[in-house]
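Report on the structure given below.
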Amino acid sequence: MRTGPLAIFKDDLLKGHTAVVTGGGSGICRGIARAFALLGADVCITSRKQAVLDEAAAAISAETGRAILAVAADVRDPDAVIKVVTAARERFGAVDTLVNGAAGNFLAPAAALSPNGFKTVVDIDLVGSFHAAKAAFEPLRLSGNGLLINVTATLHYHGTPLQLHASAAKAGVDAMTRNLAVEWGQFGIRVNSIAPGPIGDTEGMRRLAPGNAAELAKKGIPLGRFGTIDEIAAAAVYLRSPAAAYITGTVLVVDGGQCVSLPMFGV
Ligand code: NAP
Ligand code: COA
């Protein structure tokens, strides 16, 4: 049932629509896949773990009645990502939206971060997003109403400690958003980022704000709480809706005001 932020959208807003969601088996991107399906879309979800995808696909399909295709791939492997997009096209006949959400992260001081640790996160978040965007270009072009959403972050707006690797990767993804918006506008493809702030009940928050760090983090958020998965999903649905038809090359920040807030004298 559509409740909360998703309740405002009209039934069947995305009927006849198809989307590929990387990272769609868990967390925020599972929420995006579910929201698209609730509104009538057929969705292909992908990540590395087939069992996780199968569980998510069964749950979303049972709730929404939509077809949810689950195809495992590592976004670092361009051929595997092409196979995902091909499978989605074969099953659904088209791909209208790609959501790049697959990502990896951990806390690590830059001086202790190994070259492979840095490279791994950049390879998943940035290079993987490029692989998926490139694989989806042709179906997005054929859609005539293609949309690419890159799920980024706000880490790189400042020098976020212990987050050099993810900040560099997400800064690159936001650069890609702008570039592809310029290059692909002529093909009717819009390209935008969604930058979530801290979102409750996610792997990202479990990794980046362990223990009482989560409660402390709330003090730096003007709205005084974490966001919800449905609030990010609603942002994705909005970008997909006709209401956003003239929006491309931008970053939609959904963070309760966290990134524009500076503590005064440490308070
Ligand atoms: P999550 O549930 O761990 O989502 C990450 C997804 O990426 C998982 O489904 C994971 O599935 C997949 N993945 C990881 N490496 C992959 C690879 N090499 N190839 C394919 N798939 C891969 O975490 P989340 O917190 O919901 O984060 C979702 C997105 O939101 C990420 O882009 C993250 O940077 C962004 N974000 C989150 C927050 C937050 O507060 N949580 C804040 C800002 C931005 P497998 O393990 O099955 O591969
Ligand atoms: N601190 C420092 N370095 C770390 C680390 C940590 N907590 N976790 C992994 N690394 C380093 C590893 O040591 C390795 O470098 P090395 O070869 O120099 O030792 C490198 O990162 C790759 O690690 P590996 O475990 O082989 O990578 P992977 O491809 O199997 O997994 C990760 C990718 C590391 C990002 C893993 O945490 C993951 O799969 N995450 C997905 C879920 C996630 O992060 N969700 C939150 C999204 S915001």
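For segment 188-216, filtering for residues that are within 17 Å of Val151 (Cα to Cα), within 12 Å of ligand 2 (Cβ to nearest atom) and not hydroxyl-bearing (Ser, Thr, Tyr) leaves 7.
Any chance you could count how many residues in segment 191-247 are touching a strand residue (DSSP E or B) at 6+ places or on another chain (Cβ under 8 Å) and either charged (D, E, K, R) or at pLDDT below 95 (or both)? So the answer is 2. Every condition in (1) out of contact with any strand residue (DSSP E or B) (no Cβ under 8 Å at 6 or more places or on another chain); (2) away from ligand 2 (no atom under 16 Å from the Cβ); (3) open to solvent by 50 Å² or more (accessible area, probe 1.4 Å) is met by Asp54 except one, and the failing one is (1).
From the set of residues in segment 85-107 that are part of a loop (DSSP other than H, G, I, E, B) and away from ligand 1 (no atom under 15 Å from the Cβ), which is nearest to Arg190 (Cα to Cα)?
Initially, segment 85-107 is screened for residues part of a loop (DSSP other than H, G, I, E, B), giving 93-96, 101-107.
Applying the additional criterion that residues be away from ligand 1 (no atom under 15 Å from the Cβ) yields 93-96.
Values: Gly93: 20, Ala94: 16, Val95: 14, Asp96: 11 Å.
Residue satisfying both the conditions and the ranking: Asp96.
Please go through segment 178-229 and pick out each residue that is among the acidic types (Asp, Glu) and in a helix (DSSP H, G or I). Within segment 178-229, Glu183, Glu203, Glu215 meet the criteria.
Hey, could you check segment 87-112 for residues that are more than 25 Å from Tyr238 (Cα to Cα), in contact (Cβ under 8 Å) with a residue 24 or more places away in the chain and surrounded by fewer than 17 Cβ atoms within 10 Å (Cβ to Cβ) and say which is nearest to the chain's Cα centre (by Cα)?
The initial filter retains those residues of segment 87-112 that are more than 25 Å from Tyr238 (Cα to Cα), namely 87, 90-91, 104-112.
Retained after the next criterion (residues that are in contact (Cβ under 8 Å) with a residue 24 or more places away in the chain): 87, 91, 105-110.
So of that shortlist, the ones also surrounded by fewer than 17 Cβ atoms within 10 Å (Cβ to Cβ) come out as 91, 106-107, 109-110.
Details: Arg91: 22, Phe106: 17, Leu107: 20, Pro109: 25, Ala110: 25 Å.
The residue in question is Phe106.
When you look at Thr64, is it over 17 Å from the mean Cα position of the chain (by Cα), among the polar types (S, T, N, Q) and surrounded by fewer than 17 Cβ atoms within 10 Å (Cβ to Cβ), yes or no? Here the answer is no, as Thr64 does not meet what is asked.
Looking at Ile82, Ile28 in this structure, which one is crowded, with 24+ Cβ neighbours inside 10 Å and either under 17 Å from the mean Cα position of the chain (by Cα) or not in a loop (DSSP other than H, G, I, E, B) (or both)?
Values: Ile82 fails: crowded, with 24+ Cβ neighbours inside 10 Å.
The unique qualifying residue is Ile28.
Just the residues that are small (Gly, Ala, Ser) and open to solvent by 30 Å² or more (accessible area, probe 1.4 Å), please, taken from segment 68-79. Listed by number, the list holds a single entry, Ala72.
Would you be able to say whether some residue in segment 124-140 is modelled with pLDDT of 95 or more, part of a loop (DSSP other than H, G, I, E, B) and within 16 Å of Ala19 (Cβ to Cβ)? Within segment 124-140, none of the residues are modelled with pLDDT of 95 or more, part of a loop (DSSP other than H, G, I, E, B) and within 16 Å of Ala19 (Cβ to Cβ).
Kindly indicate the residue of segment 123-178 that is polar (S, T, N, Q) and closer than 19 Å to Pro198 by Cβ and also most open to solvent (accessible area, probe 1.4 Å) among those meeting that condition.
Of all residues in segment 123-178, those polar (S, T, N, Q) come to 129, 143, 145, 150, 152, 154, 160, 163, 167, 177.
Next, only the ones that are closer than 19 Å to Pro198 by Cβ stay: 150, 152, 154, 160, 163, 167.
On the way: Asn150: 0, Thr152: 8, Thr154: 20, Thr160: 49, Gln163: 5, Ser167: 16 Å².
Result: Thr160.
The values are calculated or read from the model by the stated rules, or taken from the named source; none is laboratory data. What you see is a predicted model, and the numbers here were worked out from it, not measured in a lab. For neighbour counting, all protein chains shown are included, and Cβ atoms are generated from backbone atoms with ideal geometry for every residue, glycine included. Keep in mind that these areas ignore ligands, DNA and RNA; they rest on the heavy atoms of the full protein, side chains included. Shrake-Rupley method; radii C 1.70, N 1.55, O 1.52, S 1.80 Å.
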